[in-house]
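K.L.:
My questions will all concern the structure given below.
The values are calculated or read from the model by the stated rules, or taken from the named source; none is laboratory data. Treat the numbers as computed from the prediction; the structure is a model and nothing was measured. Backbone-built Cβ (ideal geometry, glycine too); neighbour counts: all protein chains shown. Just so you know, the surface numbers come from the protein's heavy atoms only, side chains and all, with ligands and any DNA or RNA stripped out. Shrake-Rupley method; radii C 1.70, N 1.55, O 1.52, S 1.80 Å.
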Amino acid sequence: MLGMSEGAFAGLLNVQIAAIAERGNQEKSFWIEEMKKIERYSREEAICELIKTKKIHEKIAQIDAYIRGLQI
């Protein structure tokens, strides 16, 4: 196979699985904290964040640039 015993391979695989699971738990904790932070936003902060997330200003700028390009 890979030059190692099945037991060694299984052990190495289990170490990697544990590392991936730990990373997943860290990422989950990060996103839970992000959600809590967002839940504390004021109405104005929430609106600004939503506009930024949807990249609305950039989309408007792209449309404006396209329209300018059409004009002779």
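K.L.:
For the range 53-62, take each phi angle, set θ = phi - 60°, evaluate the Karplus expression 6.51 cos²θ - 1.76 cosθ + 1.60, and give the result in whole Hz per residue in order, putting x for glycine and proline.
P.N.:
5, 7, 6, 5, 4, 5, 5, 5, 4, 5
K.L.:
Something else now. At 1.4 Å probe radius, can you tell me the per residue accessible area of the chain in Å²? Walk me through the intermediate numbers first.
P.N.:
Details: 6820 Å² over 72 residues.
On a per-residue basis, 95 Å².
K.L.:
Now a separate question. Compute, for the chain, the length of the dipole vector about the Cα centre, with Cβ point charges of +1 (Lys, Arg) and -1 (Asp, Glu) only. Units Debye, rounded to 20. Write down the numbers at each step before the final one.
P.N.:
Numbers: 11 positive and 11 negative charges, 68 e Å.
I would put it at about 320 debye.
K.L.:
Which percent of the accessible heavy-atom area of the chain goes to carbon and sulfur, probe 1.4 angstrom? Don't skip to the answer; put the middle values down first.
P.N.:
Values: 4260 of 6820 Å².
Solvent-exposed carbon and sulfur of the chain make up 62 percent of the total.
K.L.:
On to the next question. With angles folded into 0 to 90 degrees, how steeply does helix 6-39 sit against the dominant principal axis of the chain? Use alpha carbons for both and round to 10.
P.N.:
Between the helix axis and the principal axis of the chain, the angle is about 30 degrees.
K.L.:
Please identify every one of the trypsin sites (Lys or Arg not before Pro) in the range 25-72 that sits in a loop by DSSP and has no more than 12 other beta carbons within 10 Å of its own beta carbon. Walk me through the intermediate numbers first.
P.N.:
Details: sites: 28, 36, 37, 40, 43, 52, 54, 55, 59, 68; in loops: 40, 54, 55.
Counting only loop positions with at most 12 other Cβ atoms within 10 Å, the trypsin sites (Lys or Arg not before Pro) in the range 25-72 are 40, 54, 55.
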